[in-house]
Amino acid sequence: MIYYNTIHKVLKQVHPDLNITVSAREYISIYIIERFYRTVSEIMKRKYEKGTIDLDVISSILKTVVDGELYKHAYDEIIKYQTKLEKGTDINDLCLDRNSNLHQIKKFFKDINIDINVFELLLPCAEYLLAEFLELSGNVCIDKKKTTVDSYHIFIATINDIELDRLMININSISNHKKNYETSEKMLKYLGEM
């Protein structure tokens with residue numbers, strides 16, 4: 001599972017006293033995989049058209065995958081990361097488990113011929129989005145007086161944030177509407193609102 005260990009580490013950065021369920025980790029991991037798939041498919045299209053991938057191309061691709069304020073902050077993380085890479089300074093504060101995540105991504109996308117440096121630039125962006133999800137989900141968890149973030153907390157946090165909600169809507173296909181409805185119904189029961 002991509003980012004599986006990183007999810008727990010990022011949660012501990014934003015909410016040190018909380019834990020996270022396995023199902024919540026899987027839910028977030030699926031989100032990250034989907035974002036990488038969309039980004040990689042866009043990169044492949046542009047690479048085919050232009051023959052090269054640079055930061056401007058990554059920026060325009062990122063705008064199609066992540067929009068609004070989330071895009072601005074995610075792109076800022078990429079710029080910080082690239083600047084630190086170029087200067088040769090420590091990048092570990094911007095990217096947890098860098099080598100492990102790069103290895104997992106490289107393995108996951110093994111059939112795609114893309115320079116690993118392109119994937120590396122996407123790591124801080126993915127971690128920023130991960131931190132956003134976990135911070136808001138943790139807030140919901142705390143509001144509900146719980147100590148472990150679960151999928152319900154992620155769902156509630158997502159629907160309460162316009163940009164995260166838009167991202168999640170893009171992920172869910174029409175075939176998942178019934179499953180989403182059943183999940184929503186369970187969540188409302190869980191929260192005592194049904």
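The table that follows gives values for the structure above.
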{"item": "Odd one out for residue 43 among (1) surrounded by fewer than 18 Cβ atoms within 10 Å (Cβ to Cβ); (2) within 17 Å of residue 120 (Cα to Cα)", "result": "(1)"}
{"item": "Yes/no for residue 64 being at negative phi, free of Cβ contacts under 8 Å to residues at least 40 places away in the same chain and within 16 Å of the chain's Cα centre (by Cα)", "result": "yes"}
{"item": "Some residue of the stretch 11-32 being without any contact (Cβ under 8 Å) to a residue 40 or more places away in the chain and in contact with a Ser or Thr (Cβ under 7 Å, 6 or more places away or on another chain)", "result": "no"}
{"item": "The stretch 65-79 - residue that is surrounded by 15 or more Cβ atoms within 10 Å (Cβ to Cβ) and part of a helix (DSSP H, G or I) and, of those, modelled with the lowest pLDDT", "result": "65"}
{"item": "Checking residue 6 against (1) open to solvent by 20 Å² or more (accessible area, probe 1.4 Å); (2) under 19 Å from residue 101 (Cα atoms), the condition it does not meet", "result": "(1)"}
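Residue by residue, here is whether (1) under 27 Å from residue 154 (Cα atoms); (2) assigned to a helix (DSSP H, G or I); (3) at pLDDT below 80 holds:
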| position | (1), (2), (3) |
| --- | --- |
| 1 | yes, no, yes |
| 34 | yes, yes, yes |
| 48 | no, yes, yes |
| 92 | yes, no, yes |
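The values are calculated or read from the model by the stated rules, or taken from the named source; none is laboratory data. Note that the structure is predicted; figures quoted are calculated from it, not measured. Note that each Cβ is placed from the backbone with ideal geometry, even for glycine, and that neighbours are counted across all protein chains shown. Calculation scope for accessible area: heavy atoms of the full protein, side chains included, ligands and nucleic acids excluded. Shrake-Rupley method; radii C 1.70, N 1.55, O 1.52, S 1.80 Å.
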